[in-house]
Amino acid sequence: MDIPGLFNNYGWLLGLFGVLNIVCLVHAVVTRQGALWIVFLALNLFLGGFIATLFYTFMVLLPNLQGSRRAATQAVQRGVEAIKPLDVRVREAQQALAESDTLERRAELANLQARAGRPEEAQATLAPLLSGIYADDPVVLLSAAQLDLAQGNPAGAEARLSRVDLRTSAATRTRTLTLLALAQEQQGKPEADHTYREASQVATTEEPRARHAAYLIRQGRTEDARAVLEALEKSERQASPLYRKQEREWFTLASELRRKLG
């Protein structure tokens, strides 16, 4: 039996577990996994053990890494979709709906048709969802409110948006508050400014800030608009290429507004 070889292999294995333990400990601290995990991993590292490292790796680290990969993949997919021409996205959404008629696909097609300036088609697409079990679904309410705005009915949009549960998700909250601010602005309500600011604070997109800057310019508040536009410009400079493409519509609007202010 090669005793020195066994010791060499064992030492290599201990070194590997030591590195893994450090990775797990750093991950636990950065992601705030709780004091118990941090204590166990720190003791494990100090004593040269491996049980806590194995438990943490399979119970926390690997599932988190898998979730991060899924989130990254979804972000890339959203970015690719966002830079497609609108007519192409409408056609693809129509094909997807023909293959499987789901709530999400029908609402997505209605949203795209409304953005493309085809409100009658959007209304027909959305109509089956406006009554029955889906009538109070946030996806349906947001799509219907967007359609109300496109058809010049801001009061109707505001009424629908008041029924949306803002706790559903950050994206739902952002979209709801942005549309609500637009509806209030179209009705000449002064609270639109506050709603734009609230939307910007929780935003998952640059749309609220770009629309807020445009609103401030229309109100003659150019200095306030400049401050919002400067924040948008900084965000664009620091953004990844994918995010800049994804938010191209709003960064472009911000650029046009800056030129308008001179």
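It is to be established whether one or more residues within the stretch 234-246 are modelled with pLDDT of 90 or more and under 16 Å from Glu185 (Cα atoms). Scanning the stretch 234-246, I find no residue that is modelled with pLDDT of 90 or more and under 16 Å from Glu185 (Cα atoms), so the answer is no. From the list Ile22, Ile83, Ile51, the lone residue that is of a type in the set (A, V, I, L, M, F, W, C), within 30 Å of Ser240 (Cβ to Cβ) and at pLDDT below 75 is Ile83. Please identify the pairs in which a residue from the stretch 214-242 that is touching a residue at least 40 places away in the same chain (Cβ under 8 Å) has its Cβ atom under 8 Å from the Cβ atom of a residue that is open to solvent by 20 Å² or more (accessible area, probe 1.4 Å), counting only partners at least 6 apart or on another chain. Qualifying pairs under 8 Å: Ala214/Leu253; Ile217/Lys260; Ile217/Leu261; Leu242/Ala75; Leu242/Val76. A single entry from Ala214, Ala171 fulfils the requirement of being within 13 Å of the chain's Cα centre (by Cα) and open to solvent by 10 Å² or more (accessible area, probe 1.4 Å): Ala171.
Evaluating Gln95 against the criteria (1) open to solvent by 40 Å² or more (accessible area, probe 1.4 Å); (2) modelled with pLDDT under 90; (3) over 21 Å from Gln246 (Cβ atoms); (4) assigned to a helix (DSSP H, G or I) leaves one unmet condition, (2). Only residues that are touching a Phe, Trp or Tyr at 6+ places or on another chain (Cβ under 9 Å), open to solvent by less than 40 Å² (accessible area, probe 1.4 Å) and farther than 17 Å from Leu177 by Cα were counted in the stretch 128-153, giving 0.
Taking the stretch 109-126 as the range and being more than 13 Å from Ala145 (Cα to Cα) and not β-branched (Val, Ile, Thr) as the test, the residues that pass are Leu109, Leu112, Gln113, Ala116, Gly117, Arg118, Glu120, Glu121, Ala124.
The values are calculated or read from the model by the stated rules, or taken from the named source; none is laboratory data. Not measured: the values here are computed from a predicted model. So basically every Cβ, Gly included, is an ideal-geometry build from the backbone, and we count neighbours across all protein chains shown. Keep in mind that these areas ignore ligands, DNA and RNA; they rest on the heavy atoms of the full protein, side chains included. Shrake-Rupley method; radii C 1.70, N 1.55, O 1.52, S 1.80 Å.
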